Structures are given as C-alpha cells and as structure tokens.
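K.L.:
My questions all concern the structure below.
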Amino acid sequence: MGGASRARPLRADARANYERLLTQARLAFAEHGTGASLEEIARRAGVGTGTFYRHFPSRDALLQAVLHDRFERLRARADALAATTEPDVALTVWLREFVEFTGAYRGLTAALLQTLHDPSTELHAACVAVRAAGATLLTGAQQVGAIRSDLAAPELFALVSGLSWACEQSTGTVDVDLHVDRLLTLTLDGLRAGGTVR
C-alpha cells in the first residue's frame, strides 16, 4: 500500500531523499492544498524531478505516502473504539476524527471521493478500509437503537464528506474545533433513531 518506492529497502541516500520529499509535501499541502506543485515540492526537497518521480510516479502515490500512517491510525482507532466505548459514543468520536483527518488539506476531501470510485489509484484500498471501519461503527450504533436503522453507510459518508469540505474551507479566524463539533452535533441529531425520511 506504500507505492513502488517502498516495495524494497532504500539506500541511505535514497531514503534521505524520500523523507525530505515527504516533509516538503506535507508542508506544501498544508500551504496550498493537495493541488500543490509537485515540481516545487521536488525543488524544496533539493532533488530533481526525475528523482521525485522515481519515488512517487503520481500525485496519488505521493498522497498515499503522506497519508499512510494517518489512514492506519484512523482505521485502528475505529477498532479500539468499538472494543472499549458505547456504540453511539464510538461513532460520534470517530466521525469527528474522520472529519478532522479529511479536512487536513484543502482538496483532500474531493481527492478521496474521486479515488474511492477508482480502484486503480494508490489511495483506493486505504479509503475502502477506512470506510469499512466506519461502517462497522455505524452498524453497532444502529444495533443499540442509537442511530436510525434506515441509514446506509454511503449516506453517512456523503454527509460527513460535506462536513469535511466545510472544515477544509475554514480560515484561521474560525474556531475549527467548535465548528466541527457543532456541525457534527446537528448532523447526528438528525440521524438519531425515531426520525423518518420524507
């Protein structure tokens, strides 16, 4: 899942280039979103574009490398919450972390939605695994009667993807934590068991 550049151990100099590229990619994505210039990332890392593309043959491959650990933590977090927390609380906590994750970089929500429907992309398997983990939490909350039983996992993720988009659009003048909590509260209130779809 880490891309061709991680299929075998790298030499020390190649590993150093790889890590510098990841560092500069994180900075560039934070500044300019996921559409940041790949050539500029290579320049900042002090390598040529040829070296860049040997490590990351596509933008998706770079995103996969940047996000790999976050994807793994989010998936593992769902498992941990399912094992230790009341189902309705587990779902609420995890969804908040999901929104924060996907709102980390401008453009990330759209990139993940696109890759979810394209199995050929580097990010596809990671997206599917994270959504499966979230769907399990949703099922748990539905089984205890906390969330309406007619809500399907794709519908839930469509809603929280909207929250993620709102989060990534927030500026430094907005209290993002409060903003996300408020939006999630309003959304989940509408998903509580007992409501009807009109």
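K.L.:
I'd like to check something: does the range 164-182 contain any residue that is open to solvent by less than 30 Å² (accessible area, probe 1.4 Å), at pLDDT 85 or above and on the phi < 0 side of the Ramachandran plot?
P.N.:
Within the range 164-182, not a single residue is open to solvent by less than 30 Å² (accessible area, probe 1.4 Å), at pLDDT 85 or above and on the phi < 0 side of the Ramachandran plot.
K.L.:
Checking the condition assigned to a helix (DSSP H, G or I) and open to solvent by 10 Å² or more (accessible area, probe 1.4 Å), which residue from Ala14, Ala28, Ala42 passes? Even if it seems obvious, please write down each step before you answer.
P.N.:
Numbers: Ala28 fails: open to solvent by 10 Å² or more (accessible area, probe 1.4 Å); Ala42 fails: open to solvent by 10 Å² or more (accessible area, probe 1.4 Å).
Every option except Ala14 fails the conditions.
K.L.:
Would you call Leu22 buried (at least 19 other Cβ atoms within 10 Å of the Cβ) and within 27 Å of Trp165 (Cβ to Cβ)?
P.N.:
Working: buried (at least 19 other Cβ atoms within 10 Å of the Cβ): no; within 27 Å of Trp165 (Cβ to Cβ): yes.
For Leu22, the condition - buried (at least 19 other Cβ atoms within 10 Å of the Cβ) and within 27 Å of Trp165 (Cβ to Cβ) - is not met.
K.L.:
Give the residue that is modelled with the highest pLDDT, with candidates limited to residues of the range 108-146 that are assigned to a loop (DSSP other than H, G, I, E, B) and crowded, with 16+ Cβ neighbours inside 10 Å. Steps first, answer last, please.
P.N.:
Residues of the range 108-146 that are assigned to a loop (DSSP other than H, G, I, E, B), as a first pass: 117-123, 144-146.
From the residues that got through so far, the ones that are crowded, with 16+ Cβ neighbours inside 10 Å too are 121-123, 146.
On the way: Thr121: 83, Glu122: 80, Leu123: 86, Ala146: 94.
This residue is Ala146.
K.L.:
Which residue pairs have Cβ atoms under 8 Å apart, sit 6 or more places apart or on different chains, and have a first residue in the range 32-45 that is under 18 Å from Ala111 (Cβ atoms) and a second that is among the polar types (S, T, N, Q)?
P.N.:
Close Cβ pairs satisfying both conditions: Leu38/Thr49; Ile41/Gln24.
K.L.:
Evaluate the range 72-93: report whether one residue or more is under 23 Å from Leu159 (Cβ atoms), of a type outside the set (A, V, I, L, M) and open to solvent by less than 30 Å² (accessible area, probe 1.4 Å).
P.N.:
No; the residues of the range 72-93 include none that is under 23 Å from Leu159 (Cβ atoms), of a type outside the set (A, V, I, L, M) and open to solvent by less than 30 Å² (accessible area, probe 1.4 Å).
K.L.:
Take the range 147-161 and flag every residue that is assigned to a helix (DSSP H, G or I), open to solvent by 40 Å² or more (accessible area, probe 1.4 Å) and either at pLDDT below 90 or not small (Gly, Ala, Ser) (or both).
P.N.:
Residues of the range 147-161 assigned to a helix (DSSP H, G or I): 153-161.
Next cut, open to solvent by 40 Å² or more (accessible area, probe 1.4 Å) only: 154-155, 158-159.
Scanning the range 147-161 gives Pro154, Glu155, Leu159.
The values are calculated or read from the model by the stated rules, or taken from the named source; none is laboratory data. This one's a predicted model, so the numbers in the text were calculated from it and none came from an experiment. Note: ideal-geometry Cβ built from the backbone for every residue, glycine included; neighbour counts use all protein chains shown. Quick note on the areas: whole protein, heavy atoms, side chains included, nothing else; ligands and nucleic acids left out. Shrake-Rupley method; radii C 1.70, N 1.55, O 1.52, S 1.80 Å.
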